[in-house]
């Protein structure tokens, strides 16, 4: 197996907001794969807290273009929902992102899609609802994501159910009351790693 050059595209959930970069799931995943003997490097994690699909297109795809990556993970969309981006716009932006990444990879199957966590179960989450049902809104966006992923036969990692278990469990929630803790990110990592292992 040639050296795997990995780039993680996303928002707060990929950069590991609420934990250290060493405790973010992309860093953990690479460390765990290396421990299994994989020749893999996290070459870039340009994810930024608060960024939407639009931000990713404008600011992260250029990083991907320069990265010569051979593996990409994508976890984006929560801020689109928070900022009331219409589902149609979110869907079109996903098409742009996924199409661009697949065309830029030597093997277009090496893209792992991760769905959106349910932040509504956190103490601070409801403040961002604007009167809407957070769980339903996130589920609706995840349906769009899953249909696209399935149509392209790409790996789809469903972390949403495990994020619902953060409810009432302070050890799984960061000190900001909104983002996952390092302990929660560590629960996501095996699910994502399994999907990565499945495409190599």
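Bear in mind that the values in this text are calculations on the coordinates, not laboratory data. Small disclaimer: the values here were computed from a predicted structure and weren't measured. Note that we place each Cβ from the backbone using ideal geometry, even for glycine, and neighbour counts take in every protein chain shown.
First check a/c for the stretch 109-182, with a ≥ b ≥ c the square roots of the eigenvalues of its C-alpha gyration tensor; if it is under 1.5, answer rounded, and if not, answer prolate when a/b is larger than b/c or oblate otherwise.
Working: a/c = 3.08, a/b = 1.67, b/c = 1.84.
Since a/c reaches 1.5 but b/c is at least a/b, the shape of the stretch 109-182 is classed as oblate.
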Check: By per-residue mean of other Cβ atoms within 10 Å, what is the highest-first order of 3-13, 24-34, 175-185?
Finding: 3-13, 24-34, 175-185
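What number does the chain give for Rg over Rh if you use C-alpha atoms and the Kirkwood radius? Mind dumping the intermediate values first?
Working: Rg = 15.8 Å, Rh = 16.8 Å.
We get a ratio of 0.94 for the chain.
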Notebook entry, point to check: Can you pull the semi-axes for the stretch 1-104, root of five times each eigenvalue of the Cα gyration tensor, sorted largest first, whole Å?
Noted result: 25, 17, 10
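Once every DSSP H run of n ≥ 4 in the chain is given -39500 (n - 2.57) and the sum is divided by its residues, what mean residue ellipticity at 222 nm do you get, rounded to the nearest 500 deg cm²/dmol? Could the numbers behind the result be given before it?
On the way: 8 runs with 84 residues, N = 200.
Roughly -12500 deg cm²/dmol at 222 nm, from the helical runs in the chain.
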